[in-house]
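Accompanying notes for the structure given below.
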Amino acid sequence: MIASAACIVEIDGKRILWPCHRHGDAIFVFSQMYPVGYAKVLEQGFMDEKRNFITRSNAFKIAKENGQLLERPINGYQGSDLFSEDLW
């Protein structure tokens, strides 16, 4: 089951799984907390209930299997990659 959006971020050479409501939220937080270029978003995806990182395409399959997709996504797009707007 998909629990949240998430980004894999590199900060000071360490990779961190950073959960967020929307990917843009995480990017905004990094822009306010760190100098430009210090924190890098390496990948955007999702996190399951066990804190495993899941790619957008695999997350779409999981969300669909678990009945988590909105009937009408907020942005009108629904393809093979999952966006947080597909869920909430």
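Computed from the coordinates by the stated procedures, all read-outs in this text should not be read as laboratory data. If you're wondering where the values come from, they're calculated on a predicted model, not measured in any experiment. Positions of Cβ are backbone-derived with ideal geometry, glycine not excepted, and every protein chain shown enters the neighbour counts.
Values computed for the structure shown
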| item | result |
| --- | --- |
| Reachable aspartates and glutamates, given that their alpha-carbon falls under 17 Å from the alpha-carbon of K64 and they are not under 8 places away in the same chain | D48, E49, D81, E85, D86 |
| Computed helical MRE - 222 nm, the chain, DSSP H runs ≥ 4 contributing -39500 (n - 2.57), nearest 500 | -7000 deg cm²/dmol |
| Taking V41, V36 and counting other C-beta atoms within 10 Å, the order from fewest to most | V36, V41 |
| Segment N66-A3, length gained on full extension (0.36 nm per residue, minus Cα span) | 21.5 nm |
| Distant-in-sequence amide H partners of E43 (H built 1.01 Å from N, under 5 Å) | I8 |
| Under 5 Å, built H, 5+ apart or other chain: amide partners of D81 | none |
| Under 26 Å from K14, Cα to Cα: lysines that are on another chain or at least 8 residues apart | K40, K50 |
